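Q: My questions will all concern the structure given below.
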Amino acid sequence: MAHNIELKPILAMWSGPRNLSTAMMRAWENRPDTEVWDEPFYAAYLQRTDIDHPMGAEIIAHHEADVDKVIERCTTPVASGFFYQKHMTHHMLPEYPLDWLAELSHCFLLRDPREVLLSYSQKREDVTLDDIGVPQQLRLYEWVLANLEQKPLVIDARDFLQQPQVYLEALCAHVGIPFYQEMLSWPAGRRDSDGIWSEHWYDSVWKSTGFGTWQARTGELDAALLPIYREADEIYQAMREQRLRID
C-alpha cells in the first residue's frame, strides 16, 4: 500500500559517484533558502561494510555513523527553509529501513556508466558494479514507485548539462519552490558543508564556478571493467527511458 504522508521541504538527490552530484549540490547551496547535506550515509556505509575507501577511518571518526540518527536528521526540516540531500545510492545498504523516504521528494540523477567508470577508476584501483551504485539506484527507484504516492524525477546528466537552467527550473517546480538564478554559478573553493572526503574527490569541483558544457569523456575502458559496464549499462538504459525529457 502506498504511503500518503505530507511531504516536508526536503529533496533527496540519488546518484552514484562521479555523476555531477557535487556540482548539483553547489547549485542548491547557492540558493538563499537552502541547506545541503553531503552524503549522509557515507560513514555508516563504511563502518558496516568495512570496505576499503580513501580516508575511511577519518570519515567514520568525523561523520555520524549511526543509521537511526542519520535518518532522523534526514527527515528533520531545516531553519533556512529547504533541505537538499546529496545521497550516494551505494551507501544505502539492503538492511536499512526505507519507510522514512515517504517524507521526502526524490530525484534520480543518471550518468552513462562508461563515463562513470572512466572517472571512478582513476580514483580507486579495484572497482565493482556495486561501487558505482547502479543496481542500488534501480532498487531505490522501484521502491519509491511501488510504495509512495509520488513519481520521482529521473534526470540524465548529459541532458542536464545541455540545458542546466531548464532542468533546474523543472526540479524546483517538482518540489514546489521558486528557481533562483544564483543556482547557475557559485564561488570556487571548498565549503564547510563538504564531507571530509572532499580533499580526495572534489578537486575539480573546488575549481569550478558553474556547470560546464557536456563533452563525451575520452578513453577506453580497461578490459576488466567491460563486464561491469555491460551490466551497468543495461540498468542505466532501462532507467534512462524514464528520464525527464525537455525539448
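Here, each number is a calculation from the coordinates, and none is a lab measurement. All of these numbers come straight from a predicted model, not from anything done at the bench. All Cβ positions, glycine included, derive from the backbone under ideal geometry; neighbour counts span all protein chains shown.
Q: GluC sites (Glu not before Pro), restricted to segment 108-186: which are DSSP loop and have at most 15 other Cβ atoms within 10 Å?
A: Within segment 108-186, the qualifying GluC sites (Glu not before Pro) (loop, at most 15 other Cβ atoms within 10 Å) are Glu125, Glu149.
Q: Along the Cα-to-C-beta direction of Thr128, a point sits 7 Å from the Cα; which residues of segment 192-236 have their amide N less than 16 Å from that point?
A: In segment 192-236, the label zone of Thr128 (backbone N under 16 Å from the point 7 Å along Cα→Cβ) covers 225, 227-229, 231-232.
Q: Considering only DSSP states other than H, G, I, E and B, which trypsin sites (Lys or Arg not before Pro) in segment 152-237 qualify as loop sites with at most 12 other Cβ atoms within 10 Å? Don't jump to the answer; show the numbers that get you there.
A: Working: sites: Arg158, Arg190, Arg191, Lys207, Arg217, Arg230; in loops: Arg190, Arg191, Arg217.
Counting only loop positions with at most 12 other Cβ atoms within 10 Å, the trypsin sites (Lys or Arg not before Pro) in segment 152-237 are Arg190.
Q: Counting only other residues whose beta carbon sits under 15 Å from that of Asp159, what net charge do I get with K and R as +1, D and E as -1? Working shown, then result.
A: Values: positive: Arg111, Arg158, Arg240, Arg243, Arg245; negative: Asp112, Glu115, Asp156, Glu169, Glu241, Asp247.
Net of charged neighbours comes to -1.
Q: Per residue of segment 192-199, in order, report the coupling 6.51 cos²θ - 1.76 cosθ + 1.60 (Karplus, θ = phi - 60°) as ³J(HN,Hα) in whole Hz, putting x for Gly and Pro.
A: Going residue by residue, I get 4, 7, 5, x, 4, 6, 4, 5 Hz, with x marking Gly and Pro.
Q: Enter the Cα centre distance for the pair segment 216-245 and segment 70-131, rounded to the nearest angstrom.
A: Measuring centre to centre over Cα atoms gives 18 Å.
Q: Count neighbours as other Cβ atoms within 10 Å of each site's Cβ, and list the GluC sites (Glu not before Pro) in segment 191-247 that are DSSP loop with at most 16 such neighbours. Intermediate results must be reported in sequence, preceding the final value.
A: Details: sites: Glu199, Glu220, Glu231, Glu234, Glu241; in loops: Glu220, Glu241.
Within segment 191-247, the qualifying GluC sites (Glu not before Pro) (loop, at most 16 other Cβ atoms within 10 Å) are Glu220, Glu241.
Q: I've got another one for you. Tell me the net charge near Ala79. Cut-off is 11 Å between Cβ atoms, Ala79 excluded, with +1 for each Lys or Arg and -1 for each Asp or Glu. Before the final figure, lay out the partial values.
A: Details: positive: none; negative: Asp33, Glu35.
After counting each charged neighbour, the total is -2.
Q: Take the Cα atoms of the chain, build their convex hull, and give its volume per residue in Å³.
A: Working: hull volume 31.4 nm³, N = 247.
Expressed per residue, the convex hull around the Cα atoms of the chain is 127 Å³.
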